[in-house]
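The values are calculated or read from the model by the stated rules, or taken from the named source; none is laboratory data. None of these values were measured; they are calculated from a predicted model. We place every Cβ from the backbone using ideal geometry, glycine too, and count neighbours over all the protein chains shown.
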Amino acid sequence: MKPNIILIIMDVQRASNLHCYGYEKETTPNIDRMAEEGTVFLRCISPGVWTLPSHASLFTGRYVCGHGVGARYNYKPVEKYTLTEIFKAKGYRTAGFCNRGHWWARYGIRDDRGFDEFHTFTFSSLREWVEVGSSKEISAAIEWIKRNKNISFFVFINCLEPHLPYIPPEEFIKKFAGDMSLEEAEKIQPNIWKVRMGVEKISAERWRKLRDLYDGETACLDYRLGKLFTFLEEENLIDKTILIITSDHGDEQGEHYPPHIAHQLHLYQPGIHVPLIIRHPEIFPQREKIESLVQTHDIFPTLLEVLEVKSIDVWKQCQAVSLFNALKGQEREYALAEYQKPLLAFERMLNIDPDYDFRKWYKSIKALIVGEYKYIWYSTGEEELYNLKEDPLEQNNLADIETGKVEEMRKKLYSI
């Protein structure tokens, strides 16, 4: 029997805030357990910095420039094949479970993209979201697996935590943010568009509280996912399943200015460095931490290899690199992340202030990582260069100092 596949997306999850990635706070005991029993890819880069293009890359194995999704908000990749369609063609039963159902329906990733079933979940109020969150879809996924456990299945679970607003249930507020009340947690949530426009300011103390709440959101989702992991163990499915835990992108939390918050409009590491943990005792080594550079859409060719897909057309569309190469110690030549011109951002800003001058945001951005260096290119002419080993927080732009390296990275980017 072919291995089952469960793909879990933790929306806006930074790799740096997971305990198994070296974070000092114990935010993820259940995920840590899966990491201990599987392989952790320490340098995983998302090809996009918001939900839609990142998912399009994940499901097609292509860079953002290779599918074009993101600027006009259409999920209409020209490629014929998605992961789900490939699984279905291989005889898998396929199901998706998603908090943001309106997104998936709007962008065409639902029934016509290879899912036998796609279940979406909404909430009547913010308080219901806080108390229930992804528990709805995780419980639904468990019930679906119970009914389909005797056939090979592919399950996609898209969890909205720890996405803004950062408001976990009270027990997780207490654990990570001390004596803060639920009412205060709600009150300090930012309007990200006003922050970007400079209308709303966030003090250092408020950022500290927001980061604590973000950790609470991460821990809450870990607790909810723990129920899925326990179920798989009790049903003797855990070792028959390739369990993949990752994120579509991360989140900026005041590390870079002019004011960057959340995701979109930048390509700094907090927004694109994401976790990637894969567990299967026979296919992925246990207690293994891989330092090699990888990207989330590398999941696509990796699973093609697992399924022994031979189709030339499928492989021809793939722009990613199998994770098995990293397991063999082979270095990825580069990682590429992209952000197209943010049309939706302008709409949101102009709704707040019709006279707002959004031209400083009207740019495409590309980030190229080769070895220790990261080069950021802007369509407006700016360039940034960072040595991620010496400056992992990207605070020291070397573009005016290491001009030779800038030219080398620029040429490399143009050649891709």
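Tabulated results
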| quantity | calculated |
| --- | --- |
| Any chance Ile173 is over 27 Å from Trp361 (Cα atoms), among the aliphatic types (A, V, I, L, M), more than 18 Å from the chain's Cα centre (by Cα) and in a helix (DSSP H, G or I) | yes |
| Members of the range 7-41 that are in contact with a Phe, Trp or Tyr (Cβ under 7 Å, 6 or more places away or on another chain) and in a strand (DSSP E or B) | Leu7, Thr39 |
| Residue list for the range 233-258, filter: without any contact (Cβ under 8 Å) to a residue 60 or more places away in the chain and under 20 Å from Leu276 (Cα atoms) | Ile238, Asp239, Glu252 |
| Matching residues in the range 119-139 - criterion: being in contact (Cβ under 8 Å) with a residue 12 or more places away in the chain, among the acidic types (Asp, Glu) and surrounded by fewer than 19 Cβ atoms within 10 Å (Cβ to Cβ) | Glu131 |
| First in the range 77-99 and on the phi < 0 side of the Ramachandran plot and in the same structural domain as Ser135 (by TED's automatic domain parsing), second anywhere and at pLDDT 90 or above and basic (Lys, Arg), Cβ under 7 Å, 6 or more apart | Glu79/Arg62; Thr94/Lys88 |
| Any hit, the range 27-36, residues being closer than 23 Å to Ala367 by Cβ and modelled with pLDDT of 95 or more | no |
| Output for the range 290-300, where each listed residue is surrounded by 21 or more Cβ atoms within 10 Å (Cβ to Cβ) and out of contact with any strand residue (DSSP E or B) (no Cβ under 6 Å at 6 or more places or on another chain) | His297, Asp298, Ile299, Phe300 |
| Pro259, sole failed condition from (1) at pLDDT 95 or above; (2) touching a Gly at 6+ places or on another chain (Cβ under 8 Å) | (1) |
| Filter result for Gln319 (among the polar types (S, T, N, Q), within 28 Å of Ile290 (Cβ to Cβ) and under 22 Å from the mean Cα position of the chain (by Cα)) | yes |
| Test: residue in the range 359-368 that is out of contact with any Cys (no Cβ under 9 Å at 6 or more places or on another chain) and farther than 22 Å from Trp193 by Cα | yes |
| Residue count, the range 221-280 (criterion: out of contact with any strand residue (DSSP E or B) (no Cβ under 9 Å at 6 or more places or on another chain) and small (Gly, Ala, Ser)) | 1 |
| Residue check for Ile142: buried (at least 20 other Cβ atoms within 10 Å of the Cβ), of a type outside the set (S, T, N, Q) and touching a Leu at 6+ places or on another chain (Cβ under 7 Å) | no |
| Given (1) within 24 Å of Ser134 (Cα to Cα); (2) hydrophobic (A, V, I, L, M, F, W, C); (3) surrounded by fewer than 22 Cβ atoms within 10 Å (Cβ to Cβ), number of the condition Ile245 does not satisfy | (3) |
| Test: residue in the range 164-172 that is touching a residue at least 24 places away in the same chain (Cβ under 8 Å), farther than 30 Å from Trp144 by Cα and assigned by TED's automatic domain parsing to the domain that holds Ile9 | no |
| Cβ pairs under 7 Å, 6+ apart, first in the range 265-293 and free of Cβ contacts under 8 Å to residues at least 60 places away in the same chain, second crowded, with 22+ Cβ neighbours inside 10 Å | none |
| So Glu131, is it part of a helix (DSSP H, G or I) and out of contact with any strand residue (DSSP E or B) (no Cβ under 7 Å at 6 or more places or on another chain) | yes |
| Members of the range 269-289 that are over 15 Å from the mean Cα position of the chain (by Cα) and surrounded by 20 or more Cβ atoms within 10 Å (Cβ to Cβ) | Arg279, His280, Phe284 |
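Every residue, every condition in (1) within 23 Å of Leu385 (Cβ to Cβ); (2) assigned by TED's automatic domain parsing to the domain that holds Ile145; (3) part of a loop (DSSP other than H, G, I, E, B); (4) of a type in the set (A, V, I, L, M, F, W, C), yes or no:
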{"site": "Phe231", "(1), (2), (3), (4)": "no, yes, no, yes"}
{"site": "Asp239", "(1), (2), (3), (4)": "no, yes, no, no"}
{"site": "Ile242", "(1), (2), (3), (4)": "no, yes, no, yes"}
{"site": "Ile245", "(1), (2), (3), (4)": "no, yes, no, yes"}
{"site": "His249", "(1), (2), (3), (4)": "yes, yes, yes, no"}
{"site": "Tyr257", "(1), (2), (3), (4)": "yes, yes, yes, no"}
{"site": "Leu265", "(1), (2), (3), (4)": "yes, yes, yes, yes"}
{"site": "Gly271", "(1), (2), (3), (4)": "yes, yes, no, no"}
{"site": "Ile277", "(1), (2), (3), (4)": "no, yes, no, yes"}
